[in-house]
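**Student:** Handing you a structure now.
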Amino acid sequence: MSTPEELTRQAREAIANATGVDGLEAIAADYLGRKNGLITRLLAGIGKLEPAERAALGQAANEAKRAIDGILEPGVRRSSTDMLKVGILGVGTIEKILATAIRDR
């Protein structure tokens, strides 16, 4: 079983190699998903641990979640901006929107 620290390291590597928002969203689901995320599965057996171990694992898992989310969020925003710049909405869509806004002024 992986530790929260190992999962954070693996997530960092996956994020560094991800392409586009879809890749980042898949990583978020893989690591942070509520039902099948790796961190969620790691915590599934937390109730069987001694109180001190439970507290330590819970804290480490929460730190891992925050770290992974903190790495993902700027990447999702940056990728969304990049896609908008290249006209993911369609060839020339941004130019058409701007031209219409200027014309209708």
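The values are calculated or read from the model by the stated rules, or taken from the named source; none is laboratory data. As the structure is a prediction and not an experimental result, all values here were calculated from the model. Ideal geometry is used to build each Cβ from the backbone, glycine not excepted, and the neighbour counts take in all protein chains shown.
**Student:** Within the stretch 37-59, which residues are more than 18 Å from the chain's Cα centre (by Cα) and surrounded by 14 or more Cβ atoms within 10 Å (Cβ to Cβ)?
**Tutor:** Within the stretch 37-59, L43, R54, L57, G58 qualify.
**Student:** Can you tell which of I88, I15, I94 is at pLDDT below 90, outside any helix (DSSP H, G or I) and surrounded by 13 or more Cβ atoms within 10 Å (Cβ to Cβ)?
**Tutor:** I88
**Student:** I've got another one for you. Within the stretch 31-51, does at least one residue satisfy the condition of being in a helix (DSSP H, G or I) and among the acidic types (D, E)?
**Tutor:** No.
**Student:** Of the residues R34, R9, which is surrounded by 11 or more Cβ atoms within 10 Å (Cβ to Cβ), basic (K, R) and either at pLDDT 90 or above or within 19 Å of the chain's Cα centre (by Cα) (or both)?
**Tutor:** Result of the check over R34, R9: R9.
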